[in-house]
Amino acid sequence: MAEQVVQLPNPSGLHARPAKVFAEAAADMDAEVTVAKDGDEVNAASVLSVLTLDCHQGDEITIRAQGQGADEAVSALVELVEDGLGEQPA
Amino acid sequence: MSRHLTGRAAAPGVALAPAAVIRPPTVSDDGETGTPDEERARLDDALQRAAEQLEELAGHVNQELGADEAEIFEAHGAFAKDPELADRAHKAVVEGHSAAEAVTSAFESFRALLEASGSDYLAARAQDLDDVRDRVLALLSGGTLEVQAPSERSVIVAHELSPSQTATIPRAVIAALVTETGSPTSHAAILARSLGVPAVVGATGIVDLASDGVELAVDGHEGVLIVDPDDEQRDQVQQRLDEDARRREELESLRELPGATADGHRIELAANIGAEQDLADAVDAGAEGSGLVRTEFLYLDRAAAPDIDEQADFVSRVLRTFPDHRVVVRTLDVGADKPLPFVDREEEPNPALGLRGIRLSLARPSLFRDQLRALLAARADVGEQGGRLAIMFPLVSVPDELIEARRHLVEVAAEQDHDLHGLEIGVMVETPAAALAADRLASHCDFLSIGTNDLLQYLFAADRLLASVSELADACDPIVLRLLGDVAAAAHAHDAWVGVCGEAASDPTTAVALVGLGADELSMTRAALPEVKAALRGVTLTQCRDALSAALAQTDAEHARDVLASRPS
């Protein structure tokens with residue numbers, strides 16, 4: 001299992017567009033990926049579940065992966081979040 | 001008997017028209033529940049078809065209304081494809097529920113979570129979920145999602161108007177929008193304002209009170225509705241309608257007249273075009289061609305670059321729309337904030353200052369040359385049957401970029417054996433560097449068009465979308481007016497014409513100053529055209545120049561604006 005905490009840079013938080021980018025990337029991974037905030041852990045490939053975490057700018061989220069390519073999945077997703085998920089980072 | 005109802009005012013104006021009640025989509029209960037495997041197959045099929053329909057709708061809306069409006073349907077498509085949603089529905093099916101029941105409960109579980117968050121944004125997404133759920137249910141039951149839109153101009157009444165419903169009602173039939181739920185920021189309210197029709201939201205009970213064909217008076221200033229108004233009430237509403245109509249008629253009577261000052265100094269008044277939908281509206285508003293045709297919508301939200309034919313088709317349609325006028329097409333203007341899957345590029349910490357506009361085009365010449373090929377193909381195709389094509393390069397900051405862009409154009413023209421004679425080439429002046437180098441740029445091109453939105457943003461280092469700093473940048477600031485005057489003088493010294501295609505051109509007060517400083521053309525959102533035309537026809541060129549001089553003598557934007565607004569008339 002791999003796990004890493006990352007801070008969300010998006011000024012408007014994890015709203016629909018970046019959440020979609022994140023979930024689609026997570027769904028493309030071979031590993032099973034989850035994302036957690038404040039103890040709530042959800043399927044990272046589910047845009048609706050990711051939205052329900054109600055993540056705002058500066059929130060710390062934990063990305064965990066299990067199975068084949070878990071390490072690569074976590075580092076790729078962390079990088080995607082740090083780069084603003086297709087949005088201009090703050 | 002007439003009935004009063006009060007809701008919340010969401011878009012100004014008054015309307016008096018028969019009601020057309022939009023019912024929720026029909027879902028027929030098919031009764032029979034199949035085996036879990038059968039139900040699961042139906043469920044997966046309905047979810048997949050819903051996702052496909054929504055992606056198609058997103059593509060359609062992107063073409064018609066632009067990328068921002070399409071975003072919501074892309075999110076809807078992602079909701080329909082959500083693996084966790086499907087998982088929850090599958091579990092319900094295994095427990096013996098029908099596909100419809102399973103879908104309803106799966107959506108409901110997410111709806112509850114989103115609503116419980118206490119976030120307005122997520123609560124609004126909960127409403128989006130209902131829209132997607134209804135689509136899936138309609139697909140499952142063989143029911144319909146099609147809105148039964150009225151054929152004559154009506155007050156559209158609904159419990160709630162989903163974005164996908166509003167996108168399918170023909171705009172010409174909408175006299176006003178009234179909903180039981182919603183806020184002034186709901187889709188219906190935004191649509192109403194963009195159409196210039198009144199809207200009232202939060203009108204609880206209106207769906208039961210109004211039925212198809214019953215007359216409705218809508219006051220979008222006060223948020224008041226009168227169902228089946230009596231004679232006296234009709235008279236009052238009619239009076240206000242008459243006043244509005246008189247003003248519109250005044251403006252309408254100017255429609256066919258060219259843009260000019262009271263003493264006959266000619267100013268071309270053109271419309272900005274950002275999507276197919278804008279064309280008819282621009283013609284309606286009496287636009288003299290377009291001073292800014294944005295081409296980004298052809299590129300955004302797609303996996304592969306648009307082919308030359310598709311681009312050329314669009315440009316041909318624009319040229320044919322304005323057979324007697326000039327059409328200024330701006331080449332692709334995107335930055336790292338709008339990454340295109342088919343353009344390989346680096347991530348950037350600061351896209352506003354990165355590889356965008358002409359910089360991207362010059363760095364990706366095959367993409368740029370395809371666009372130039374499409375523009376020339378459209379020009380050749382339309383010939384004398386359409387308007388005069390002009391090509392504008394965005395975000396130029398040094399003359400070399402213009403020279404390099406021209407070189408590509410000349411090479412592409414030679415390839416196609418295309419005669420460039422009569423084709424105007426220009427620069428969109430958006431960077432302070434370009435504004436200060438106006439004389440050098442003007443010596444290499446036919447026109448300069450000032451993009452005030454970006455120019456102001458770069459001049460004041462203030463993001464115009466950021467409320468805390470956006471007020472710093474005002475087009476009426478004396479230093480801005482002085483700079484724009486210098487740009488115009490430099491252009492004229494080289495026989496280049498000067499346009500303004502930013503938001504500043506759409507404000508009647510600022511427009512007077514722009515004419516005073518020498519603008520030959522103003523291009524704006526079409527809704528602003530009639531008022532700007534009326535304002536300019538009310539002043540002489542000398543008055544514009546005097547107003548500008550007075551504004552230039554002020555110490556700040558606020559005072560300059562006051563001086564311009566109190567110009568003699």
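The values are calculated or read from the model by the stated rules, or taken from the named source; none is laboratory data. What you are looking at is a predicted structure, and each value in this text was computed from that prediction instead of being measured. For neighbour counting, all protein chains shown are included, and Cβ atoms are generated from backbone atoms with ideal geometry for every residue, glycine included. In case anyone asks, the SASA skips ligands and DNA or RNA and just uses the protein heavy atoms, side chains included. Shrake-Rupley method; radii C 1.70, N 1.55, O 1.52, S 1.80 Å.
How far apart, in nanometres, would the label points at residue B:214 and residue B:471 be if each is projected 7 angstrom from Cα along the Cα-to-Cβ direction?
4.6
Provide the per residue accessible area, probe 1.4 Å, for chain A, rounded to a whole number of square angstrom. Write out the running numbers ahead of the final one.
Details: 4060 Å² over 90 residues.
Per residue, chain A has an accessible area of 45 Å².
Based on alpha-carbon centroids, what's the gap between segment B:437-494 and segment B:102-174 in Å, whole number please?
The distance from the Cα centre of segment B:437-494 to that of segment B:102-174 comes to 44 Å.
Treating the angle as unsigned and between 0 and 90°, give the value, to the nearest 10°, between the Cα long axis of helix A:16-28 and the longest Cα principal axis of chain A.
With both axes taken from Cα atoms, the answer is about 10 degrees.
Given a 1.4 angstrom probe, I'd like the percentage of the accessible area of the protein assembly as shown that is carbon and sulfur, rounded to a whole number. Kindly include the intermediate steps, with their values, before the conclusion.
Numbers: 13510 of 28830 Å².
That share works out to 47 percent.
Quick check on segment B:264-565: what does the Kirkwood estimate of hydrodynamic radius come out to from the alpha carbon pairs, in Å?
Values: mean 1/r = 0.0513 Å⁻¹.
Across segment B:264-565, the inverse of the average 1/r is 19.5 Å.
Take every DSSP beta bridge whose two residues both sit in chain B, then give the antiparallel share in percent to the nearest 5. Walk me through the numbers on the way to the answer.
On the way: 17 of 55 bridges.
Counting only bridges with both partners in chain B, antiparallel ones make up about 30 percent.
Against the longest principal axis of chain A, how steep is helix A:70-82, in degrees 0 to 90 to the nearest 10, with axes from Cα atoms?
Approximately 10 degrees, to the nearest ten.
Please compute, for the alpha-carbon atoms of segment B:79-163, the extent along each of the three principal axes and give them in descending order in Å.
48, 35, 19
Within the P(r) computed for segment B:1-142, what percentage of the Cα pairs occupies the region above 19 Å? Provide the component values of the computation, followed by the final result.
Details: 6034 of 10011 pairs.
Roughly 60 percent, once rounded to a whole number.
Once both labels are modelled 7 Å past Cα along the beta-carbon direction, what's the residue B:204-residue B:559 spacing in nm?
5.3
What is the interface area between chains B and A, defined as buried accessible area summed over both chains with a 1.4 Å probe, reported in Å² to the nearest 100? Let's see the in-between values first.
Numbers: alone 25630 and 4990 Å², together 28830 Å².
Chain pair B/A: roughly 1800 Å² of buried accessible area.
Provide the net charge surrounding residue B:4, with neighbours chosen by a C-beta distance below 12 Å and charges set as Lys +1, Arg +1, Asp -1, Glu -1. Display every interim value, and only then the final one.
On the way: positive: B:3; negative: B:219, B:222, B:228, B:230.
Net local charge, residue B:4 excluded: -3.
According to a simple spin-label model (label point 7 Å from Cα along Cα-to-Cβ), what is the distance in nm between residue B:68 and residue B:482?
Modelled inter-label distance: 3.3 nm.
Assign unit charges at the C-beta atoms only (+1 for Lys and Arg, -1 for Asp and Glu), then state the dipole size of the protein assembly as shown relative to its Cα centre in Debye, rounded to the nearest 20. Show your work: numbers first, answer last.
Numbers: 53 positive and 116 negative charges, 398 e Å.
That gives the protein assembly as shown a dipole magnitude of about 1920 debye.
Taking 2.2 N^0.38 Å as the expected size of a compact globular protein, what ratio does the Cα radius of gyration of segment B:195-258 give against it, to two decimals? The partial results should precede the final answer.
On the way: Rg = 14.8 Å, N = 64, 2.2 N^0.38 = 10.7 Å.
So the Cα radius of gyration is 1.39 times the expected 2.2 N^0.38 Å.
For segment B:386-507, just list the percent of Cα-Cα distances falling in each 5 Å bin from zero outward, please.
It works out to 2, 12, 20, 22, 17, 12, 8, 4, 2, 1, 0, in whole percents.
Cα atoms only, segment B:222-318: Rg and Dmax in Å?
My reading of the Cα-based Rg and Dmax gives 20.7, 60 Å.
Just the Cα atoms of the protein assembly as shown, one point each, no solvent: what log10 I(q)/I(0) does Debye give at q = 0.05, 0.08 Å⁻¹?
-0.27, -0.71
Would you work out which of B:265, B:214, B:432 lies farthest towards the positive end of the dipole of the protein assembly as shown? Charges go on Cβ: Lys and Arg +1, Asp and Glu -1.
So the residue we want is B:265.
For chain A, with the dipole built from +1 on Lys and Arg beta-carbon atoms and -1 on Asp and Glu ones, taken about the Cα centre, which of A:14, A:78, A:25 lies farthest toward the positive end?
A:14
Please average, across the residues of B:109-117, the number of beta carbons from any other chain that are within 10 Å of each residue's own beta carbon, and give a whole number.
Values: counts 2, 5, 1, 1, 8, 4, 0, 2, 4.
Average neighbour count from other chains, rounded to a whole number: 3.
What Kirkwood radius, in Å to one decimal, follows from the Cα pairs of chain B?
Working: mean 1/r = 0.0381 Å⁻¹.
After inverting the pairwise mean of 1/r, the radius is 26.3 Å.
Might you report the magnitude of the Cβ-based charge dipole of segment B:99-140 about its Cα centre, with Lys and Arg at +1 and Asp and Glu at -1, to the nearest 20 debye?
Once rounded to the nearest 20, the dipole reads 100 debye.
Under a point-charge model restricted to the Cβ atoms of Lys and Arg (+1) and Asp and Glu (-1), what is the dipole moment magnitude of segment B:360-439 relative to its Cα centre, in debye to the nearest 20? Kindly include the intermediate steps, with their values, before the conclusion.
Numbers: 7 positive and 13 negative charges, 32 e Å.
In total the dipole reaches around 160 debye.
Go through segment B:253-259 residue by residue and turn each phi into a ³J(HN,Hα) via Karplus (6.51, -1.76, 1.60, θ = phi - 60°); whole Hz please, and just put x for glycine and proline.
So the J values, rounded to whole Hz, are 5, 8, 3, 7, 7, x, x.
Provide the gained length on full extension for the span residue B:148 to residue B:2, in nm with one decimal, where the gain is 0.36 nm per separating residue minus the Cα-Cα distance.
On the way: separation 146, 0.36 × 146 = 52.56 nm, distance 2.61 nm.
Additional length available on full extension: 50.0 nm.
Kirkwood hydrodynamic radius, computed over distinct alpha-carbon pairs, for chain A: how many Å, to one decimal?
Numbers: mean 1/r = 0.0807 Å⁻¹.
Taking every pair of different Cα atoms in chain A, averaging 1/r and inverting gives 12.4 Å.
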